[in-house]
Amino acid sequence: MTAGAAGERLIGRRLLRQEDPRLLTGRGAYVTDLALPGMLHMAVLRSSHAHALIAPVDVDRARRVPGVVGVFTADHIRDVGPLPVLAHPPGQRQTDFPVLPADRVRYVGQPLAAVVAETRYAAQDGLDALDVTYSPLPIVADVAEATSPGAPKLYDDWPDNVVVSREINSGDADAVLATAATVVEARFTMPRQTAAPMEGRATCARFDGDTRELTVWASSQAPHLFRTVLAAVLRLDEECIRVIVPDVGGGFGVKLHYYPEDVLVAVASMRLGRPVKWVETRTEHFASTVHAREQRVHARAAFDAQGTLLALRVHVQGDVGAHLHTKGAGPIFLGGVVLPNVYAVHHFKARLEAIVTNKVPFGAYRAFGMQQAAFVTERLMDIGAARLGIDPVEIRRRSVANLVYDSGDYPRALDEALRIADYDGLRAMQARARTQGRLVGIGVANYVEVTGMGPTKLMAAMGNRQGGYESATVRVEPSGRVSVATGIIELGQGIRSALAQVAADVLSLPYDRVGVVLGDTARTPYSCYGTADSRGSVTGGAAVLQATRALKQKLVRVAARLLEADEADLEVVDGQCRVRGAPGRGLSFQTLAQESLRGQTLPDGIEPELEARFTYNPENWTFPYGVHVAAVEVARDTGTVRVLGYWVAHDCGTMLNPMLVDGQLHGGLAQGIGGALCEELRYDEAGQLLSRTFMDYAIPTAETMPPITIGHVETPSPHTPGGMKGMAEGGTIGAPATIANAVADALAGAGVDAAAVAAYPLTAPTVFALLQTARVTHG
């Protein structure tokens, strides 16, 4: 856990995480663990109808339930503002959504009222005593219904159910498609899924009536923005709100959002004068936390006679649920941008539509629209390869771009993936298996990822109100230890340790002499976005890097004055500033900090505290990318898919800690493989959610995960100080496309057409149905 020899680099080393001993010995502290004096507990009444008019909720019986302290409905919070949608592209029909609806519900699970009581059990009894009168309305169950002629409208003043749309047009895709040697066409379906982190949502609020200060503990990915949103909704001065994020048991995007429960907990504490806590149940997570992924896509691709991709035309219809949530239609639009993938597509046309239905609103989830985009393009590549009789690898080689988004070497990444997978060996194994009647398939897929959040001005021009900057403060404490503070949040990905590694590297300091402060708006600089978009190492790492470099310069200036030496003759090594070539002539960080606090002999412009702050506003997005390879076997008699092996070549720029990179890729692959093979939220025709527990929503287990091999290509980003590009989502982005390509390749041995694999998850019944269709077709 130390820097090793003097001057040895720490960036790029596989150092153990600083937080692991505490977490692995059960000393983690989560919102659920809070037990404040006088604390009350909140439970939420949710709509049992997908679409209905409602009369005012009758609260009289609930108020008489023993232990109930307060009941809140829409009538009781008229002075509380709606929650904002943070993205406002031109033409968007919705900019906010209600904390509690006054007269109409639009999905099963929508909050209607909150009961606050001495215990959670009493609060639940209070819910049971609430009376709600529903007048059911026609429902819109999916995108097909929502866009059909005469479909019921979720919002009476809209002309249809499209809440926002966008078009992208480069070149002349229609003309190329009309004349190309080969055109492939497919209609793809992506499922509705949810993040399902180990820890659900949880919020606790305490209001001090004397100071008018509100403290909120939240399992959140972005506490500063949480504070900004709360201040606007509650009509409080932002500096009167403090948001604290303790340990977080996973987020994956869903904790970037701001929910009615967050507001209701704060309102209840302000009105009742006591702390109030709400902890989400797993059933509530399925029925009220944002969903993701669901799309229907009609796509066409044009190839020349040699198999080079010439043009893409895509129509994406994304199911956003009952209303836009915090992130708007962002996943649909970002997915549209990356549809060309790593290919030189000069003719590209996309129509992107966000469509409302009577379902839980959708939002951010790891891979943020890019998973669906990779699925579309990579399936088209394989369908084109089958049509032209070209190996799937070769058709990709012929189309890969010579240019890159920011940095990279796409052919090299493909070669690395094929090398670590032993692609030729896999094909030979497949040939042997087919002679035995086994259905073995090999899948390959490219992907590109957009990370880091881009320039604030450019994001604002696109309708995103958040911006992309990140700040960090680095200081030397009187003990000689170094403290780092930033608004990035630790969710389990190891960013706390990675940032410590950056600072320790710059200062040639032992790794365990750096502490990182995260998750407290009173102790960290403002973060406009928090932890999301694989930006922790990109923006947070860059801010810490630059702030630490500035601090290093301050240390040298102070030491030069105290040692009566020239700054150019000094070096910073192993926690001290010393004269080069004179190891005995130096001052420790502790001495420098204490001398600075005394204010003695400080150079002009140096503050008494040895501290530096840097705000990094990216000049561009960063674009990690990679190649996935998978081998699968399909059981002929059941349709069960077994993943035999998985290989990834990945480029995330400079790797701060390769062990953390590998861990993120492994975790992302687990979610991606689960999404490819088993995860799906299902609704019935009445808009009732059928997937309410892990008995109904299957997630992968350690037993079902295949052996995974990872290879790295490292091309630093020219836009980011330090060269980092982000990597948290790459495993998730590429997995469904790769698995689908492998399954299609396996099913080809049974006569299934390549284009037939057009949806995921590829559950056993789905794959078995494809086998049965082929048997009927081929006799």
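The values are calculated or read from the model by the stated rules, or taken from the named source; none is laboratory data. Please read these numbers as outputs of a predicted model, since none were measured by experiment. FYI the Cβ positions are ideal-geometry reconstructions off the backbone, even for glycines, and counts take in every protein chain you see. Note: areas computed on protein heavy atoms with side chains; ligands, DNA, RNA excluded. Shrake-Rupley method; radii C 1.70, N 1.55, O 1.52, S 1.80 Å.
General observations
- Single unsatisfied condition, residue 84 versus (1) under 21 Å from residue 165 (Cβ atoms); (2) out of contact with any strand residue (DSSP E or B) (no Cβ under 7 Å at 6 or more places or on another chain): (2)
- Exactly one residue out of 744, 769 is at pLDDT 95 or above, assigned to a helix (DSSP H, G or I) and crowded, with 17+ Cβ neighbours inside 10 Å: that is 744.
- Single match in 534, 479 (criterion: in contact with an Asp or Glu (Cβ under 6 Å, 6 or more places away or on another chain) and in a loop (DSSP other than H, G, I, E, B)): 534
Conditions tested, residue by residue: (1) outside any helix (DSSP H, G or I); (2) modelled with pLDDT of 95 or more; (3) open to solvent by 70 Å² or more (accessible area, probe 1.4 Å).
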| residue | (1), (2), (3) |
| --- | --- |
| 556 | no, yes, no |
| 561 | no, no, yes |
| 584 | yes, no, yes |
| 594 | no, no, no |
| 603 | yes, no, no |
| 606 | yes, no, no |
| 609 | yes, no, yes |
| 612 | yes, yes, no |
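- Qualifying residue in segment 679-696 (condition: surrounded by 15 or more Cβ atoms within 10 Å (Cβ to Cβ), charged (D, E, K, R), in contact with a strand residue (DSSP E or B) (Cβ under 6 Å, 6 or more places away or on another chain) and within 30 Å of residue 720 (Cβ to Cβ)): no
- Flag if residue 547 is open to solvent by less than 30 Å² (accessible area, probe 1.4 Å), in a helix (DSSP H, G or I) and more than 26 Å from residue 370 (Cβ to Cβ): yes
- Among the residues making up segment 420-450, those that are of a type in the set (D, E, K, R) and under 28 Å from residue 305 (Cα atoms) are 424, 427.
- Verdict on residue 115 being aliphatic (A, V, I, L, M), outside any loop (DSSP other than H, G, I, E, B), open to solvent by 10 Å² or more (accessible area, probe 1.4 Å) and under 17 Å from residue 271 (Cβ atoms): no
- Residue 481 being at pLDDT 95 or above, closer than 26 Å to residue 574 by Cα and open to solvent by 10 Å² or more (accessible area, probe 1.4 Å): yes
- Every condition in (1) surrounded by fewer than 24 Cβ atoms within 10 Å (Cβ to Cβ); (2) touching a residue at least 24 places away in the same chain (Cβ under 8 Å) holds for residue 650 except the one numbered (1).
- Looking only at segment 352-376, residues that are touching a Gly at 6+ places or on another chain (Cβ under 8 Å) and not in a loop (DSSP other than H, G, I, E, B) come to 11 in all.
- Positions within segment 276-327 being crowded, with 23+ Cβ neighbours inside 10 Å, assigned to a loop (DSSP other than H, G, I, E, B) and either at pLDDT below 95 or in contact with a Gly (Cβ under 8 Å, 6 or more places away or on another chain) (or both), in sequence order: 289, 290, 293, 294, 325, 326, 327
- Subset of segment 24-47 that is open to solvent by 60 Å² or more (accessible area, probe 1.4 Å) and of a type outside the set (D, E, K, R) - its residue that is nearest to residue 659 (Cα to Cα): 24
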